[in-house]
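Notes follow the structure.
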2 protein chains.
Amino acid sequence: MTGDRAGDYRILHEADLRAYLAGLPDLKRLLGGEPAAWAITEVGDGNLNLVFIVKGAGGGIAVKQALPYVRLVGESWPLPLSRAHYEYLALSRQAQLAPGLVPAVLHHNEALALTVMELLEPHIIMRKGLVAATRYPRFVDDITTFMARTLFFTSDFALSAAEKKEAIAAFAGNHALCKITEDLIFTDPYRIAEQNRWTAPYLDGLAASLRDDMELHVAVSRLKLKFMASPEALIHGDLHTGSIMVTESETRVIDPEFAFYGPMGFDVGAVLANLLMAYFASAGHERAPGERAAFEAWVLETVEQVWNQFARKFLELWRAGAAGDAYPVSLFAGEQGAARLEAERQSYIQRLFADTVGFAAAKIIRRIFGLAHNIDFELIEDPRTRAVSEARAVRLARAMIVETGAFSAIADVTGAARKLRDWMPELSG
Amino acid sequence: MTGDRAGDYRILHEADLRAYLAGLPDLKRLLGGEPAAWAITEVGDGNLNLVFIVKGAGGGIAVKQALPYVRLVGESWPLPLSRAHYEYLALSRQAQLAPGLVPAVLHHNEALALTVMELLEPHIIMRKGLVAATRYPRFVDDITTFMARTLFFTSDFALSAAEKKEAIAAFAGNHALCKITEDLIFTDPYRIAEQNRWTAPYLDGLAASLRDDMELHVAVSRLKLKFMASPEALIHGDLHTGSIMVTESETRVIDPEFAFYGPMGFDVGAVLANLLMAYFASAGHERAPGERAAFEAWVLETVEQVWNQFARKFLELWRAGAAGDAYPVSLFAGEQGAARLEAERQSYIQRLFADTVGFAAAKIIRRIFGLAHNIDFELIEDPRTRAVSEARAVRLARAMIVETGAFSAIADVTGAARKLRDWMPELSG
């Protein structure tokens with residue numbers, strides 16, 4: 001395979017890429033026509049990588065290449081190319097476990113940290129659709145299938161302890177990506193950090209209050225420890241609505257470069273957090289009062305359905321005959337055993353719900369006070385209006401993370417969100 | 001190094017071993033005199049390996065070689081030689097972290113799965129001393145230093161998340177040894193299993209009641225999952241009183257071949273469980289009522305001190321300036337932050353105590369109904385007397401594992417043990 005040796009890394013700009021792809025017969029055939037006629041566009045709007053769309057007479061592909069640094073920040077923040085290896089590993093595993101819900105991989109070059117995937121068209125990044133108040137009828141079923149299957153089948157319920165330990169080890173090297181999460185989600189938003197930003201001056205007071213909120217610091221530190229040392233399953237690790245591409249009839253989960261063995265609630269919480277942010281941002285996007293009411297109702301219903309369907313599917317997989325070493329069925333024989341195991345399944349999923357609520361909250365706070373923000377809020381042009389939406393989200397998040405036990409069902413989360421829809425925070429400045 | 005390549009493994013019997021050691025100049029010098037004059041004795045009384053003591057005119061050594069099967073069972077139960085590698089890795093790390101509390105390694109041959117260590121003399125296996133009602137005044141201080149330092153310095157409090165993940169991966173291959181624990185401690189004693197045995201017929205009813213006790217099965221399955229998927233620190237993994245060699249003035253922890261990244265409470269619980277078993281066994285060893293009362297009081301005091309001193313030392317290390325990524329001090333600035341972090345430390349150690357109580361109980365039950373028993377009970381000749389001691393231990397263990405929350409301090413454990421000292425169980429048969 002061309003260049004597939006360590007030391008052969010180079011950044012492929014357009015001309016390079018054209019020549020490289022022309023040298024790969026399968027891809028050349030797929031694209032069709034003369035390489036010189038291929039249209040190559042760099043479209044990466046993420047924070048880390050180069051992404052090209054290449055189109056020929058016969059078809060199109062997406063090409064993703066890791067850069068040796070964080071694209072959002074620049075060469076001053078190096079980041080190992082090995083993340084492309086872990087992304088490829090995760091994509092391959094997810095494709096087996098959740099067929100049709102991740103992009104097909106057409107080519108991978110380890111040394112170039114480069115992966116070629118099917119072109120998802122006319123899919124758009126879900127977050128963009130949510131800003132435009134678009135509803136996605138397939139989303140709940142697809143994302144809950146993706147999460148239930150990828151999490152269950154890589155957990156101790158489906159794997160032997162030996163397989164699980166080997167799988168953990170296979171992803172252990174992806175720690176530089178984990179560290180981004182540890183720093184940017186679980187640490188920096190709660191202290192003075194150069195990279196933090198927020199909607200100033202309106203949220204200055206709120207930012208300061210979070211930095212002084214020791215109950216919050218304890219709660220987020222517990223979540224950080226759980227993130228670092230609870231290898232429950234192979235998690236996507238960055239499952240926000242910017243990592244999901246959708247049409248009305250299809251859903252694809254992309255970009256699992258943060259994948260490693262971590263707590264399941266981190267993935268489920270990421271989905272819920274981003275839906276909740278879409279909900280709170282919605283008020284800031286309306287041009288007339290109530291014009292997005294149906295969309296907002298759909299978002300909260302989706303929050304409930306994502307949790308409920310995920311929990312249902314996860315439990316169904318468990319009941320269907322878990323082959324892993326956890327909770328061996330031989331210890332739960334007979335009617336009494338089956339009943340007690342079922343009660344324990346419910347109890348397990350309740351603990352997972354608590355994790356999910358906490359992680360969701362941490363994901364909300366980081367998007368408002370940390371380095372990486374999202375367009376749900378950023379596209380609200382008036383900063384005061386934006387700050388109002390953000391402050392509502394933060395109020396919910398603070399309760400979810402510090403008083404997690406008060407949210408015993410997903411309806412408690414959506415109910416609290418609904419109550420904050422028109423709450424007017426006191427702003428600074 | 002002679003034979004230090006894969007494929008060069010062979011079992012070293014006496015003549016072979018003599019020749020092998022004669023070829024190692026440092027060891028030859030240490031032993032002194034002519035190799036033909038060295039006294040070589042096989043002394044392995046453990047369940048897995050060959051152990052030789054070699055003595056020459058100048059000094060002695062201990063030689064441990066892993067067999068490709070479980071010694072206790074035979075060639076029908078294969079077990080990878082790689083455990084010698086993990087034991088060597090763990091011994092080296094423990095020697096750095098707890099100097100003087102593990103035997104010095106003099107030589108290691110990976111291919112032969114062989115490790116040569118200093119000869120511990122006149123140390124005896126602590127369990128033997130406990131059967132003889134011997135008290136060990138150094139024990140509490142030494143074992144708590146060993147546990148506090150080896151656990152703390154391999155945890156997220158002392159390591160960066162990256163170091164921690166690499167360390168977990170370095171021990172991930174030791175899963176065959178973990179599986180012995182998973183099966184023999186957390187599963188088999190609770191179901192019909194060929195290798196189970198107990199003091200029949202007296203404990204037949206108790207054995208059957210444990211197999212039907214679904215609350216117990218849920219509790220032990222939670223502990224099993226925690227054992228499999230909570231890589232909190234590098235644990236010894238088999239820290240019973242048969243893995244501790246003592247004199248009145250010295251303590252050495254040996255045999256860490258079960259080492260891997262697991263829950264800290266498993267190690268602390270192992271020490272407590274084996275002291276509690278020594279306590280309950282003691283009544284069965286007395287020839288006159290009360291003759292071992294002072295010893296028994298010392299054992300319970302030691303149980304309390306082991307937990308209290310361990311907790312104190314662990315917290316002191318944490319307070320002294322944790323360099324790891326968990327609970328970053330930058331989030332707990334000022335007087336208020338320091339106070340809140342200290343409260344969280346206490347809360348953490350309380351959660352660790354609950355784990356410890358649960359794991360201790362699981363370790364007790366497996367020694368009475370599983371494959372591997374211990375001499376504390378086995379050397380009680382009269383089976384009815386033995387069964388009485390065992391039933392008392394099981395009664396405490398069942399409460400500790402199912403009603404863990406009722407034991408909020410170590411005095412609750414020793415208090416419950418004391419109350420059971422003369423309790424007369426109903427026996428079968």
Does at least one position in region B:176-185 carry a residue that is touching a strand residue (DSSP E or B) at 6+ places or on another chain (Cβ under 7 Å) and more than 30 Å from residue B:283 (Cα to Cα)? yes
Of all the residues that make up region B:36-47, how many are in contact (Cβ under 8 Å) with a residue 24 or more places away in the chain, closer than 23 Å to residue B:126 by Cβ and either in the same structural domain as residue B:178 (by TED's automatic domain parsing) or in contact with a strand residue (DSSP E or B) (Cβ under 7 Å, 6 or more places away or on another chain) (or both)? 3
Of the residues in region B:153-178, those that are more than 9 Å from chain A (Cβ to nearest Cβ) and in contact with a Lys or Arg (Cβ under 8 Å, 6 or more places away or on another chain) number 2
In this structure, does residue B:248 turn out to be within 22 Å of residue B:127 (Cα to Cα), out of contact with any helix residue (DSSP H, G or I) (no Cβ under 8 Å at 6 or more places or on another chain) and assigned by TED's automatic domain parsing to the domain that holds residue B:277? yes
Looking at region B:353-367, I want the residues that are on the phi < 0 side of the Ramachandran plot and surrounded by fewer than 24 Cβ atoms within 10 Å (Cβ to Cβ) and have a partner that is of a type in the set (Ser, Thr, Tyr) and not in a helix (DSSP H, G or I) with Cβ atoms under 9 Å, at least 6 apart or on another chain. Which pairs are those? B:353/B:408; B:354/B:408; B:355/B:230
Has region A:139-150 got any residue that is at pLDDT 95 or above, more than 22 Å from residue A:267 (Cβ to Cβ) and surrounded by 20 or more Cβ atoms within 10 Å (Cβ to Cβ)? no
Filter pass, residue A:226 being within 28 Å of residue B:345 (Cα to Cα), more than 9 Å from chain B (Cβ to nearest Cβ) and surrounded by fewer than 22 Cβ atoms within 10 Å (Cβ to Cβ): yes
Is at least one residue of region B:303-319 within 10 Å of chain A (Cβ to nearest Cβ), under 27 Å from residue B:233 (Cβ atoms), among the charged types (D, E, K, R) and surrounded by 14 or more Cβ atoms within 10 Å (Cβ to Cβ)? no
Just for strands (runs of 3 or more DSSP E) wholly inside region A:174-288: which have at least 1 residues that are among the β-branched types (Val, Ile, Thr)? A:233-235, A:244-246, A:251-253
Which of the residues belonging to region B:110-156 are more than 27 Å from residue B:85 (Cβ to Cβ) and of a type in the set (Ser, Thr, Tyr)? B:134, B:136, B:144
Mind checking which residues of region A:49-98 are closer than 21 Å to residue A:16 by Cα and β-branched (Val, Ile, Thr)? A:51, A:53, A:54, A:61, A:63
Filter result for residue A:208 (more than 9 Å from chain B (Cβ to nearest Cβ), surrounded by fewer than 17 Cβ atoms within 10 Å (Cβ to Cβ) and farther than 30 Å from residue A:93 by Cβ): yes
Find the residue count for region B:174-198, including only residues that are modelled with pLDDT under 95 and either under 17 Å from residue A:332 (Cα atoms) or not assigned by TED's automatic domain parsing to the domain that holds residue B:372 (or both). 0
Filter the helices (runs of 4 or more DSSP H) completely within region A:316-429 down to those with at least 2 residues that are modelled with pLDDT of 95 or more and touching a Gly at 6+ places or on another chain (Cβ under 9 Å). A:334-369, A:375-378, A:383-402
Does region B:407-419 contain at least one residue that is more than 14 Å from chain A (Cβ to nearest Cβ), within 18 Å of residue B:275 (Cβ to Cβ) and among the hydroxyl-bearing types (Ser, Thr, Tyr)? yes
Within region A:347-370, the residues that are closer than 22 Å to residue A:228 by Cα and touching an Asp or Glu at 6+ places or on another chain (Cβ under 7 Å) are A:370
Could you list all residues from region A:384-403 that are of a type outside the set (A, V, I, L, M) and either buried (at least 21 other Cβ atoms within 10 Å of the Cβ) or closer than 26 Å to residue A:70 by Cβ (or both)? A:386, A:389, A:390, A:392
Restricting the search to region B:239-250, which residues are surrounded by 24 or more Cβ atoms within 10 Å (Cβ to Cβ) and in contact with a Phe, Trp or Tyr (Cβ under 9 Å, 6 or more places away or on another chain)? B:239, B:244, B:246
Find all pairs meeting these conditions: Cβ atoms under 8 angstrom apart; at least six residues apart or on different chains; first residue within region A:72-86 and within 10 Å of residue A:48 (Cα to Cα); second residue part of a helix (DSSP H, G or I) and of a type outside the set (Val, Ile, Thr). A:79/A:176; A:79/A:177
Check region A:403-423 and report whether any residue there is touching a Ser or Thr at 6+ places or on another chain (Cβ under 7 Å) and assigned by TED's automatic domain parsing to the domain that holds residue A:314. no
Selection status of residue B:50, touching a strand residue (DSSP E or B) at 6+ places or on another chain (Cβ under 6 Å) and modelled with pLDDT under 95: yes
What pairs come out if I take residues in region A:94-120 that are touching a residue at least 40 places away in the same chain (Cβ under 8 Å) and pair them with residues that are among the hydroxyl-bearing types (Ser, Thr, Tyr) and assigned to a loop (DSSP other than H, G, I, E, B) whose C-beta lies under 8 Å away, six or more apart or interchain? A:97/A:154; A:109/A:2; A:111/A:9; A:112/A:9; A:113/A:9; A:113/A:82
For region A:136-173, how many residues meet the condition of being of a type in the set (Gly, Ala, Ser), assigned to a helix (DSSP H, G or I) and either assigned by TED's automatic domain parsing to the domain that holds residue A:99 or closer than 18 Å to residue A:95 by Cβ (or both)? 3
Specify the residue that is surrounded by the most Cβ atoms within 10 Å (Cβ to Cβ); the eligible residues are those in region B:179-189 that are free of Cβ contacts under 8 Å to residues at least 40 places away in the same chain and facing chain A (nearest Cβ under 7 Å). B:187
If residue B:218 meets every condition in (1) away from chain A (no Cβ under 14 Å); (2) β-branched (Val, Ile, Thr); (3) free of Cβ contacts under 8 Å to residues at least 24 places away in the same chain apart from one, which number is that one? (1)
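Per-residue answers, yes or no, for (1) within 14 Å of chain A (Cβ to nearest Cβ); (2) at positive phi; (3) free of Cβ contacts under 8 Å to residues at least 60 places away in the same chain; (4) basic (Lys, Arg):
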site	(1), (2), (3), (4)
B:324	yes, no, no, no
B:375	no, no, no, no
B:381	no, no, yes, no
B:386	no, no, no, yes
B:394	no, no, no, no
B:399	no, no, yes, no
B:404	no, no, no, no
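The values are calculated or read from the model by the stated rules, or taken from the named source; none is laboratory data. It should be emphasised that the depicted structure is a prediction, and the values quoted were computed from it without experimental measurement. Reconstructed Cβ throughout: ideal geometry from the backbone, glycine too, with neighbour counts over all protein chains shown.
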